[in-house]
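Chemist: Below are the structure tokens for one structure; questions will follow.
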Amino acid sequence: MTAETASTSRVLPPVDRAPLRRRKWRRAGVQAACVAITLFMALPLVFIALAAFSGRAALNEFPKSLVPSEFAVDTMTSFLAGTGTVPALGNSLLVGCYTVVLSLLFGAPAGYALARHTFRGKDAYQLFVLLVRALPIVVLSVPLATMFLNFGIYDKVVSVTLVHTALAMPTTVLITASIFVSVPTDVEEAARVFGCTKLDAVRRTVLPLALPGLAAASIFTFVLSWNEVLGAAVLTLGHRTLPAQVLASLAESPQAYRFAGGFALVVPALVFIAVMRRYLLNMWGSTLR
Amino acid sequence: MSRPGASRISRRTVLRGIAASAAGAGIAAFASGCTGFATTGNSGLVFLSTQFRPVEEAERFRELLRTVYPAEVSYVTSEEGPFIGQVRTQHDANSVQFALLGGVHGDLAPLVDGYLAEADGLLGELGDLGIPPEYLDLAKLGTRRSWYVPWAQASYLLAADEDALGQLPPGVREDELSYDDLLDWAIAARRANGNRPRFGFPAGPAGLLHRFLQGYLYPSFTGGQITTFRSPEAVRAWEYLRELWANCVPSSTTYEMMQEALVAGEATIAWDHMARLVDAPRTQPGRWRLLPAPRGPRGLGYMAVVTGLGLPAQSNDRAGATDLIKALSTASAQVELLRANAFLPVVRAELPDDLEPALRMSAEAVDAQRAADDAILALPPVGLAEREGEVTKVFQDCFRSIVLGGANIRSTLDSQARVLQRLLDELRVPCWAPDPVTGARCEVA
């Protein structure tokens, strides 16, 4: 820039390329860091997937090679053919989705109230909403099982959903509250000025802007429900979720099954996160700037 | 704009109607999905058990149930903690949804206060099956009546490959080892392998090393498990284990099932649960031997894992469950269980000629352990249910500080004994074998 504006008659000063070089290095550094973080996250998944689809003999080889010497699907198929594995997968999906819907249905309004209104005991409420996580699930689930038995909803997906919703409520409320805070009140007021009712204003302006936060909250909820074992194991007998049905016993299974089970556990959660990803990116692009 | 007559059914009302019916359909789908999909496989009587939880074992056992019992059985597995929780809550809510309970002795013992039906009549009907008297004694759970029918047994053994057997100290027989012989053997194996140890222990996070401490080292050296926890003999036992550990494969702290390390060639001598060793002789027949555990100054301490079948006090199918117990107590059914999941029969059973050599070997080694003149039967902790992990942790912590951390043995045992005593005081349980079972609560001397 300085070179162009200077008069052409004089000798040009040497161009200082240092800042440019620095910038290049920094960019390369950022790229390298991105690659390193991606590898850090992806490599274990790749290895689990490779191991899940390799033969038993290949797993026992010592020293182990990076890419297994033979591929086989027999562990995976016998894992999936196990009694109740596929229905349990279905139950897990049902419980996960119901829990997401229920916890957003109840948690998001609570988060909105925390963000928009001041009321007596607000701080205490924010603290006590976390209390349900302070009690171990073992302590909670036994009396709950008795109650569900008496109400006739024991051993049903809905009973597990209720427990998971209660467990997910604190994170849902706190995450959605922080998102609603970041949506400016002006937008809502403008909508009111143009004739929206209060509910309409929320629906048409606040909710679309808060969508990324709701997506983040739903990912937390889904993964929590997907991984929960103890409550699901005590509250069900013949309609189990995947962790309660098979995954709890993986630690004592042969290696081949651990990889197959680990793979089965990872994939649906990854798919869910991939679906929710566009809303999350939206959040990083807008609200968290 | 709109015609007056048609204003009743505008586009908006139609759309609202569609939206409402879609919501209704959604709610209906939700309601129908409330129960979820059945994961039991069929609708027969429910057999709730803590055994054979891994998918493969569970499938083999379901297959066995189909062959030995004509009606359908839903085999449902559960971890120890939830198992007891479920039995108690369903009983207390008067809505028992299972007909038969299966578990190791320690899973059934906590249910003796009203949750199990007496099994004396059933045992009488079964007649003399040749169940070892010490197991029938166990089934009494410290009372005068029996509460379950012993079902299968397992134990812990040594495995060694043929090369390692050649390194035995001269004049020592491999099936009559003492702990000092074992140490000499581990040293000889290390020297023969370029000073790299060949003896392995399952000391990984999910390994069963604590069972070695509770059922083998302590009984063999001190004659007890809890009462002798901090005795002078216990100090000697820990000194011994330190020496043995110095001759162990260093990656023992990552092993969970020794068969994997044995097959991979990382170790040639190992101690573990027989079900966690048996794959080695199965995949490499002719290379591996399974041996009874060594004996110490007080005798041959061994741990028996005894599983039993119990009838719940309230049952939705008492007759079916009784028939199922009878079917599972036949010699042929128990041999099939040995074939399927490597659990040994408790009834008198002739082992068939076509039995896998690996299973025959483990059956013989377990028998040799139990039948030894100086055998000391030890049990995994009884009556602790989900708190058992805390007793396990006491033993594991001792191992970590004394053997791995090199801490002072006397002071470590004293401080861990206090932790153990506090736990036993809270639980108020009587001791279990090899400690005397008398008295209301177990005490560390």
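The values are calculated or read from the model by the stated rules, or taken from the named source; none is laboratory data. This structure is a prediction, so every number in the text was calculated from the model and none was measured. All Cβ positions, even for glycine, are placed from backbone atoms using ideal geometry, and neighbour counts span all protein chains on display. Accessible surface is based on the protein model in full, side chains and every heavy atom, while ligands, DNA and RNA are left aside. Shrake-Rupley method; radii C 1.70, N 1.55, O 1.52, S 1.80 Å.
Chemist: Mind listing just one residue for me: the one in segment A:138-160 that is hydroxyl-bearing (S, T, Y) and facing chain B (nearest Cβ under 8 Å) and, of those, nearest to B:G36 (Cα to Cα)? So that I can check it myself, show each step before the final result.
Modeler: If we filter segment A:138-160 for residues that are hydroxyl-bearing (S, T, Y), which is where we start, we get A:141, A:146, A:154, A:159.
Filter once more, so that each one left must be facing chain B (nearest Cβ under 8 Å): A:141, A:146, A:154.
On the way: A:S141: 19, A:T146: 20, A:Y154: 12 Å.
Only one residue tops the list, namely A:Y154.
Chemist: How many residues does segment B:324-357 contain that are among the small types (G, A, S), in contact with a Ser or Thr (Cβ under 9 Å, 6 or more places away or on another chain) and surrounded by 20 or more Cβ atoms within 10 Å (Cβ to Cβ)? I'd like the intermediate steps shown before the answer.
Modeler: At the first step, the residues of segment B:324-357 found to be among the small types (G, A, S) are B:327, B:329, B:331-333, B:340, B:342, B:349.
Add one more test, that the residue is in contact with a Ser or Thr (Cβ under 9 Å, 6 or more places away or on another chain), and what stays is B:333, B:342, B:349.
Now narrow it down to the ones that are surrounded by 20 or more Cβ atoms within 10 Å (Cβ to Cβ): B:333, B:342.
Within segment B:324-357, residues that are among the small types (G, A, S), in contact with a Ser or Thr (Cβ under 9 Å, 6 or more places away or on another chain) and surrounded by 20 or more Cβ atoms within 10 Å (Cβ to Cβ) number 2.
Chemist: Let me ask something else about it. Identify, by number, the condition in (1) open to solvent by 40 Å² or more (accessible area, probe 1.4 Å); (2) without any contact (Cβ under 8 Å) to a residue 60 or more places away in the chain; (3) out of contact with any Ser or Thr (no Cβ under 6 Å at 6 or more places or on another chain) that A:V129 doesn't meet.
Modeler: The single condition A:V129 does not satisfy is (1).
Chemist: Within segment A:80-92, identify whether any single residue is closer than 30 Å to A:I179 by Cα, open to solvent by 30 Å² or more (accessible area, probe 1.4 Å) and within 16 Å of the chain's Cα centre (by Cα), and answer yes or no. First the steps, then the outcome.
Modeler: Initially, segment A:80-92 is screened for residues closer than 30 Å to A:I179 by Cα, giving A:92.
After this cut, where a residue has to be open to solvent by 30 Å² or more (accessible area, probe 1.4 Å) as well, the list is none.
No: zero hits.
Each row is one residue, and each column tells you yes or no for (1) within 14 Å of another protein chain (Cβ to nearest Cβ); (2) open to solvent by 30 Å² or more (accessible area, probe 1.4 Å); (3) within 19 Å of the chain's Cα centre (by Cα).
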{"position": "A:A190", "(1), (2), (3)": "no, yes, no"}
{"position": "A:V223", "(1), (2), (3)": "no, yes, yes"}
{"position": "A:A233", "(1), (2), (3)": "yes, no, no"}
{"position": "A:R240", "(1), (2), (3)": "yes, no, no"}
{"position": "A:V246", "(1), (2), (3)": "yes, no, no"}
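Chemist: Next question, about the same structure. Enumerate the pairs (first residue in segment B:126-139 and in contact (Cβ under 8 Å) with a residue 40 or more places away in the chain; second residue anywhere and aromatic (F, W, Y) and open to solvent by less than 20 Å² (accessible area, probe 1.4 Å)) with beta-carbon separation below 7 Å, excluding pairs fewer than 6 apart on the same chain, so at least 6 apart or on different chains.
Modeler: Close Cβ pairs satisfying both conditions: B:A139/B:Y148.
Chemist: Looking at segment B:258-294 only, could you name the residues that are touching a Gly at 6+ places or on another chain (Cβ under 8 Å) and either open to solvent by 10 Å² or more (accessible area, probe 1.4 Å) or of a type in the set (S, T, Y) (or both)?
Modeler: B:E266
Chemist: Here's something else I'd like to know. Would you be able to tell me the number of residues in segment B:127-162 that are assigned to a helix (DSSP H, G or I) and either in contact with a Ser or Thr (Cβ under 6 Å, 6 or more places away or on another chain) or open to solvent by less than 20 Å² (accessible area, probe 1.4 Å) (or both)? Walk me through it before giving the result.
Modeler: Pass one, segment B:127-162, residues assigned to a helix (DSSP H, G or I): B:133-138, B:162.
Checking the rest, the ones that are also either in contact with a Ser or Thr (Cβ under 6 Å, 6 or more places away or on another chain) or open to solvent by less than 20 Å² (accessible area, probe 1.4 Å) (or both) come to B:135.
Residues in segment B:127-162 being assigned to a helix (DSSP H, G or I) and either in contact with a Ser or Thr (Cβ under 6 Å, 6 or more places away or on another chain) or open to solvent by less than 20 Å² (accessible area, probe 1.4 Å) (or both): 1 in total.
Chemist: Please work out if B:A321 is buried (at least 24 other Cβ atoms within 10 Å of the Cβ), farther than 29 Å from B:L183 by Cβ and either among the charged types (D, E, K, R) or touching a strand residue (DSSP E or B) at 6+ places or on another chain (Cβ under 8 Å) (or both). So that I can check it myself, show each step before the final result.
Modeler: Values: buried (at least 24 other Cβ atoms within 10 Å of the Cβ): yes; farther than 29 Å from B:L183 by Cβ: yes; either among the charged types (D, E, K, R) or touching a strand residue (DSSP E or B) at 6+ places or on another chain (Cβ under 8 Å) (or both): yes.
When the stated conditions are applied, B:A321 passes them.
The rows are residues; the columns are (1) closer than 21 Å to A:S218 by Cα; (2) facing chain B (nearest Cβ under 9 Å); (3) among the aromatic types (F, W, Y).
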position: A:V67; (1), (2), (3): no, no, no
position: A:F71; (1), (2), (3): no, no, yes
position: A:T83; (1), (2), (3): no, yes, no
position: A:V86; (1), (2), (3): no, yes, no
position: A:V100; (1), (2), (3): yes, no, no
position: A:A110; (1), (2), (3): yes, no, no
position: A:T118; (1), (2), (3): no, no, no
position: A:L130; (1), (2), (3): yes, no, no
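Chemist: Give the number of residues within segment B:139-195 that are of a type in the set (V, I, T) and modelled with pLDDT of 90 or more. Spell out the reasoning first.
Modeler: Of segment B:139-195, the ones of a type in the set (V, I, T) are B:143, B:149, B:172, B:187.
Checking which are modelled with pLDDT of 90 or more leaves us with B:149, B:187.
Selection size over segment B:139-195: 2.
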